[in-house]
Amino acid sequence: MTAQIRRLIGVSSIILIFSLTPAWASDDKAAIASAHPLATLAGFEILGQGGNAFDAAVAVSAALAVVEPAGSGLGGGGFWLLHRERDGFETMIDGREKAPSAADKNMYLDEQGEVIAGLSRNGVLAAGIPGMPAALVHLAENYGSLPLRQLLQPAIRYAQLGFSIGERHRKLLAFRFNELSKDAEAASVLLPDGKIPALGSILRQPDLAKTLMRLAENGREGFYGGEVAEKLLSTVRQGGGIWRQQDLEQYRVIERQPLRGQYHGVSITSAAPPSSGGIVMLQALNILSAYPLSGLDEIGRKHLIAEAMRRAYHDRAMYLGDADFVEIPVERLLSQDYAAGLRRSIRQDRAMPSAWLAGEMTANPGGRHTTHFSIIDSEGNRVAATLSINFPFGAAVMAEGTGVLLNDEMDDFVSKAGSMNGYGLVGGVANAIEPGKRMLSSMSPTFLEDDQRVAVLGTPGGSRIISMVLLAVLDFAEGRGPDSWVNVPRFHHQYLPDVIQYEKGGLTDDETSGLSALGHQLKEVRYRYGNMQAVQQHKQTGELSAASDPRGEGLALIR
């Protein structure tokens, strides 16, 4: 066991993990990459007990809700992309949050019709109805082989016994310190003595452990009914929120058909609406498919990729939302003819201003967090899951007595056509707030396959998720493996603001000069962003490889 894992968990929990996982010594091979070592270990613990990839996905999801509370949680939601090897069945489990039944399209506007800053981002009014607990129950009951109470044991143990916090956790606490400090319940758990805890401090969450135990024993009723539901509703009402009991009772997971596409011999399977990830990524790849990217210099290559991103993100703003509420022209957006038309507007010697595209809006950059994990088990079953509570620590409100941090996913709706959300994304009426509607997301859990390999990948990163996965797909198409995908230098264009954002060190000086000469505006982000988790398997040999983004504190493991 590595020193990193020993640092993250106490001796008692180490003994428990190893005593419960004798099958780790077997010849069966599986790969898991997640954003936290303890979540990866939780997945292998369940595999060691005879579970499959879908069982492990429940365990990893629940563990991340405990050990990475900035990125996901029982108060949030996510998308789980599944592949069942025995019959090739694939589906997307949509556990995205929903707007409360009392929500209104103008709920974040003042009397003059202007957006009230921060109202959709901080506090109980920012919270959608959580989907994570229902999704874990659905996944276990319909695809797993072990009982839910068994699958949640690692997460319960981490919450009870505690774990050692890392530097990433502390940095995200600092980012949300002011808002977390305003909520007595959240501050009592996450900011003891009103301060950011020291590196290596033990975070214990006994109330969250109790909530997980209720979920384990009673299924969805353990969260959406009974004592937990009462406490959730009480906290929301006391804070001026609009949740109702019927909102919790009526929440349902939806299974959706994933989106599929091709790029230079690579088959891509990705998330469907209410994720924008699959459509935007596939549209950009369709545009790029006619260019010999590998034969271009880096400036020319990045110019074309940025121009493809610009056009795909423009269509995101114009057309995308919850397909259960709005008609999305998916067939047109993903057609090769449509891509050819967009391609005709691209010049290789000059950038096109975003203002020249129809439907100009205004926005500013921003945003950050979520989480992702990837699994391939010994039978070839695969799971790619991206989970979120939106901003780090969600709405910065913890429901009293539950340990559950509420999400602030309502910020992913369009509060006013053309206004920006916390990630600098803009949108129109397709993503306007409606009761019971699921807000548009950028989460992009993805499968890749060519003649020799299959791969599972995804990342957090707000509006930049899609561009990060896009760059990884292009890297896969060049024949490279997971270590390369997670290390690709990252740059991004999202239509508005009309700028190429790039991570610290993401472009060389020559590239910035060359792109500027083509007419691009550029802005270096002060930090390296994203936290990609990726696994791969060779079809002929069965050989597995896995990688966890060096920008994070995750663990990729093969056993």
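Quick check: is even one residue across the range 152-164 closer than 15 Å to Val66 by Cα, at pLDDT 95 or above and in a loop (DSSP other than H, G, I, E, B)?
Scanning the range 152-164 turns up at least one residue that is closer than 15 Å to Val66 by Cα, at pLDDT 95 or above and in a loop (DSSP other than H, G, I, E, B).
Counting just the residues of the range 286-327 that are in a loop (DSSP other than H, G, I, E, B) and under 22 Å from the mean Cα position of the chain (by Cα), which one comes out nearest to Pro353 (Cα to Cα)?
Leu320
Residues to consider are Asp475, Asp509, Asp451, Asp498; find the one that is surrounded by fewer than 22 Cβ atoms within 10 Å (Cβ to Cβ), among the charged types (D, E, K, R) and under 28 Å from Leu387 (Cβ atoms).
Exactly one of Asp475, Asp509, Asp451, Asp498 is surrounded by fewer than 22 Cβ atoms within 10 Å (Cβ to Cβ), among the charged types (D, E, K, R) and under 28 Å from Leu387 (Cβ atoms), namely Asp475.
Which residues, taken from the range 145-163, are within 12 Å of Asp55 (Cα to Cα) and of a type in the set (A, V, I, L, M)?
Leu146, Leu148, Leu151, Leu152
Please give the number of the condition Ser444 fails out of (1) assigned to a loop (DSSP other than H, G, I, E, B); (2) within 16 Å of Phe373 (Cα to Cα); (3) out of contact with any strand residue (DSSP E or B) (no Cβ under 7 Å at 6 or more places or on another chain).
(3)
Pairs needed: first member in the range 355-374, at pLDDT 70 or above; second member anywhere, hydroxyl-bearing (Ser, Thr, Tyr) and assigned to a helix (DSSP H, G or I); C-beta distance under 9 Å; at least 6 residues apart or different chains.
Final answer for the pair search is Phe373/Thr40; Phe373/Ser61.
Look at the range 224-265 and say how many of its residues are over 21 Å from Tyr108 (Cβ atoms) and part of a loop (DSSP other than H, G, I, E, B).
Here the count works out to 8.
Among the residues of the range 447-465, which ones are polar (S, T, N, Q) and either under 12 Å from Gln533 (Cα atoms) or in a loop (DSSP other than H, G, I, E, B) (or both)?
Within the range 447-465, Gln452, Thr459 qualify.
Tell me, please, whether a residue that is within 30 Å of Ala126 (Cβ to Cβ) and either at pLDDT 95 or above or basic (Lys, Arg) (or both) can be found in the range 290-307.
So far as the range 290-307 goes, no, none of its residues is within 30 Å of Ala126 (Cβ to Cβ) and either at pLDDT 95 or above or basic (Lys, Arg) (or both).
So which of Arg170, Arg256, Arg204 ends up being of a type in the set (Lys, Arg), touching a residue at least 40 places away in the same chain (Cβ under 8 Å) and within 29 Å of Ser120 (Cβ to Cβ)?
Arg256
From (1) closer than 25 Å to Pro133 by Cβ; (2) over 25 Å from the mean Cα position of the chain (by Cα); (3) surrounded by 14 or more Cβ atoms within 10 Å (Cβ to Cβ), pick out the condition that doesn't hold for Gly226.
(3)
Going by the conditions given, is Ile268 farther than 22 Å from Leu64 by Cα and in a loop (DSSP other than H, G, I, E, B)?
Taking the combined requirement at face value, the residue does not satisfy it.
Just checking, how many residues over the range 165-201 are on the phi > 0 side of the Ramachandran plot and not in a loop (DSSP other than H, G, I, E, B)?
2
Among the residues of the range 41-50, are any aromatic (Phe, Trp, Tyr) and outside any helix (DSSP H, G or I)?
No, every residue in the range 41-50 fails to be aromatic (Phe, Trp, Tyr) and outside any helix (DSSP H, G or I).
If I filter the range 89-96 for residues that are crowded, with 24+ Cβ neighbours inside 10 Å, charged (D, E, K, R) and under 19 Å from Asp412 (Cα atoms), do I get at least one hit?
Yes, the range 89-96 contains at least one residue that is crowded, with 24+ Cβ neighbours inside 10 Å, charged (D, E, K, R) and under 19 Å from Asp412 (Cα atoms).
Quick one: which of Gly144, Gly113 is modelled with pLDDT under 95 and not hydroxyl-bearing (Ser, Thr, Tyr)?
Exactly one residue qualifies, and that residue is Gly113.
What number of residues within the range 277-308 are of a type in the set (A, V, I, L, M) and over 16 Å from Arg350 (Cβ atoms)?
10
Is the range 274-295 home to any residue that is surrounded by fewer than 16 Cβ atoms within 10 Å (Cβ to Cβ) and free of Cβ contacts under 8 Å to residues at least 24 places away in the same chain?
Yes, because at least one residue in the range 274-295 is surrounded by fewer than 16 Cβ atoms within 10 Å (Cβ to Cβ) and free of Cβ contacts under 8 Å to residues at least 24 places away in the same chain.
Which one of these is under 25 Å from Asp324 (Cα atoms), at pLDDT 95 or above, in contact with a Gly (Cβ under 6 Å, 6 or more places away or on another chain) and not hydroxyl-bearing (Ser, Thr, Tyr): Leu248, Leu259?
From the options Leu248, Leu259, the qualifying one is Leu259.
Go through the range 242-262 residue by residue and tally those that are more than 23 Å from the chain's Cα centre (by Cα) and surrounded by 21 or more Cβ atoms within 10 Å (Cβ to Cβ).
Summing the residues that are more than 23 Å from the chain's Cα centre (by Cα) and surrounded by 21 or more Cβ atoms within 10 Å (Cβ to Cβ) in the range 242-262 gives 2.
With (1) farther than 18 Å from Thr370 by Cα; (2) of a type outside the set (Lys, Arg); (3) touching a strand residue (DSSP E or B) at 6+ places or on another chain (Cβ under 8 Å) as the list, and Ile165 as the residue in question, which single condition is left unmet?
Failed condition: (1).
Looking at (1) touching a helix residue (DSSP H, G or I) at 6+ places or on another chain (Cβ under 8 Å); (2) farther than 25 Å from Pro258 by Cβ; (3) modelled with pLDDT of 95 or more; (4) assigned to a loop (DSSP other than H, G, I, E, B), find the lone condition where Met410 falls short.
Condition (4) is where Met410 drops out.
Take Val330 and decide whether it is among the aliphatic types (A, V, I, L, M), within 26 Å of Thr459 (Cβ to Cβ) and crowded, with 23+ Cβ neighbours inside 10 Å.
No; evaluated as a whole, the condition is false for this residue.
The values are calculated or read from the model by the stated rules, or taken from the named source; none is laboratory data. Since the structure is predicted, the reported quantities are computational estimates derived from the model, not experimental observations. Methodologically, a virtual Cβ is constructed for each residue, glycine included, from the backbone with ideal geometry; neighbour enumeration extends over all protein chains shown.
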